[in-house]
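Heads up: the structure comes next, in structure tokens.
The values are calculated or read from the model by the stated rules, or taken from the named source; none is laboratory data. What you see is a predicted model, and the numbers here were worked out from it, not measured in a lab. Ideal geometry is used to build each Cβ from the backbone, glycine not excepted, and the neighbour counts take in all protein chains shown.
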Amino acid sequence: MALADRRTNQFIEDTDSRVSVGIQFPIGRTPNSVDGYFNTTKTTIDSIKNNINLLLQTNIGERVFQPTMGMSLRQYLFEPLTDDITAQIENNIVDMFEKWMPFLEIQEITLTKLDDLNRINIKLIFNIKRTPDTLNTVQLTLSTNDTAAGQIVGGTGDGVPFGETVDDTPL
């Protein structure tokens with residue numbers, strides 16, 4: 001019989017290197033790995049950060065069978081980052097997180113327009129509702145090109161480049 005894990009730090013202690021939690025995006029191949037064919041996330045926190053990056057980059061209507069999922073943040077790249085637009089983006093992020101990731105609490109959202117190259121830097125500080133004392137950070141830079149450059153920052157401040165793959169060999 002399965003038991004519910006009620007420990008307050010259950011999401012922090014899932015560091016068994018033999019268990020994968022999810023697939024790392026963008027999908028990349030892991031050559032000669034015993035874990036499987038694709039790169040995977042090993043902890044719940046890494047998987048959540050990966051999902052946050054994906055949600056921030058998804059346009060409304062882009063997901064098959066989930067047409068309301070997404071934020072369409074790229075539409076704001078050519079707009080001046082005024083107080084009204086900043087509030088609109090922040091409200092959109094909060095609404096989407098309440099709908100698609102209700103287990104998270106957003107503590108802080110910081111939006112910064114980067115120079116004149118139509119780039120917006122988004123920094124989210126969040127925690128899992130069941131572990132309110134552990135804060136984590138996700139940073140994402142949206143630009144006019146098709147790929148977003150992001151950085152996932154853990155509670156310790158260690159950064160991991162988003163989208164880094166082990167092998168560039170096409171599948």
| query | Would it be correct to say that residue 132 is in a loop (DSSP other than H, G, I, E, B) and either acidic (Asp, Glu) or out of contact with any Leu (no Cβ under 7 Å at 6 or more places or on another chain) (or both)? | reply | no
| request: Filter segment 42-85 down to the residues that are more than 25 Å from residue 133 (Cβ to Cβ) and among the charged types (D, E, K, R), then identify the one that is surrounded by the most Cβ atoms within 10 Å (Cβ to Cβ). | output: 74
| field | Answer from 88, 107 - the residue that is in contact with a helix residue (DSSP H, G or I) (Cβ under 9 Å, 6 or more places away or on another chain) and surrounded by fewer than 16 Cβ atoms within 10 Å (Cβ to Cβ) | value | 88
| task | Could you tell me whether residue 62 is over 17 Å from residue 126 (Cα atoms), free of Cβ contacts under 8 Å to residues at least 12 places away in the same chain and touching a Ser or Thr at 6+ places or on another chain (Cβ under 9 Å)? | result | yes
| Residue check for residue 97: closer than 19 Å to residue 54 by Cβ, aromatic (Phe, Trp, Tyr), modelled with pLDDT of 90 or more and not in a strand (DSSP E or B) | yes
| Right, residue 140: at negative phi, at pLDDT below 80 and not hydroxyl-bearing (Ser, Thr, Tyr) or not? | no
| said: Would you confirm, using the coordinates I've provided, whether residue 128 is closer than 17 Å to residue 53 by Cβ, among the β-branched types (Val, Ile, Thr) and in contact with a helix residue (DSSP H, G or I) (Cβ under 7 Å, 6 or more places away or on another chain)? | reply: no
| message | Can you tell me how many residues within segment 100-129 are within 26 Å of residue 80 (Cβ to Cβ) and assigned to a strand (DSSP E or B)? | response | 15
| request: Take residue 126 and decide whether it is within 17 Å of the chain's Cα centre (by Cα), at pLDDT 90 or above and closer than 25 Å to residue 40 by Cβ. | output: yes
